[in-house]
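As C-alpha cells, the structure follows; a few thoughts come after it.
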Amino acid sequence: MLKVSGYWLITISIIHGLNNISYYFEPWSDVVRNGIFNAVDPYLDRGTAFWMFMFSPLIFALGQLCCWAQDNNVRLPAFIGWNLLITSAFGAFLMPISGFWLLIPPSILMIISSYSRIRFITNDITEERKVGTAHPTTELNTDVKGKLF
C-alpha cells in the first residue's frame, strides 16, 4: 500500500515540477536573466513560481520515504499521513480547482497502512513490527522471508 502511495507522490511531484516550469516560464526566465541570486523578491510572479516549485522536491522525498518504508517493512507513523491529508484537504477547500485533490488518496493509503497490524514470521516467533524500526530484532528465515500471514 505504501508503494502505491510512494509512486503516486513521486509522479505528482514530477508532473508538478514540469507544469511549474512550463506555466511559469516567463518568471523563471526573468530569474535567470537577473542572475538567479536574489532575483525572486519583490516580484510576486517569481515568488509564486518559486514557492510552487519548492513543493515538488518535498512531495518527491515523501514518495521516496513511502517506497523505502515498504521495502524495509517499516510502518510509517500515522501523523505523516494525517499531516498530508489535512494539508491537502485544506488546500482543496481553498482552491477547489487545483491538484490538491490528487494528494488525498495517497494520504489515506498512508494512514491505513500505518494502522495495519502486519505480522512477520521470524525464527518460529511471530513478531509485530514497531513503528519506525528499519530492521527486525531477529533475522527472517529465508524460506518465509517477506511472507505475511
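No lab work stands behind these numbers, since they all come straight from the coordinates. This one's a predicted model, so the numbers in the text were calculated from it and none came from an experiment. A quick note on method: Cβ atoms are made from the backbone with ideal geometry, for glycine too, and the neighbour counts reach across all protein chains shown.
Summing +1 for each Lys or Arg and -1 for each Asp or Glu among the other residues whose beta-carbon sits under 13 angstrom from that of Phe53 gives 0.
What is the fewest-to-most order of Phe60, Phe37 by other Cβ atoms lying within 10 Å of their Cβ? Write out the running numbers ahead of the final one.
Values: Phe60 19, Phe37 7.
Sorted ascending by nearby Cβ count, the order is Phe37, Phe60.
Counting every other Cβ atom within 10 Å of each residue's Cβ, Arg75, Arg33 order from fewest to most as Arg33, Arg75. Across every pair of non-identical alpha carbons in region 38-91, the mean reciprocal distance, once inverted, gives a Kirkwood radius of 13.3 Å.
Across region 40-47, coupling constants 3J(HN,Hα) worked out from phi with the 6.51/-1.76/1.60 Karplus curve, θ = phi - 60°, read 9, 6, x, 7, 5, 5, 5, x Hz, and Gly and Pro carry x. Close amide H pairs (under 5 Å, H built 1.01 Å from N) link Arg75 with Gly132, Thr133, residues at least 5 positions away or on another chain.
Projecting the Cα atoms of Cys66, Phe100, Ser88 onto the charge dipole of region 1-109, computed from C-beta unit charges around the Cα centre, puts Cys66 farthest toward the positive end. So how far, in whole Å, is the C-alpha centre of region 4-38 from the one of region 89-112? Centre-to-centre distance over Cα atoms comes out at 20 Å. Using the Cβ-Cβ distance between Met1 and Ser98 with R0 set to 30 Å, the FRET efficiency works out to roughly 0.75. Between Tyr43 and Ser22, the distance separating the two model label sites (each 7 Å from Cα on the Cα→Cβ line) works out to 2.2 nm.
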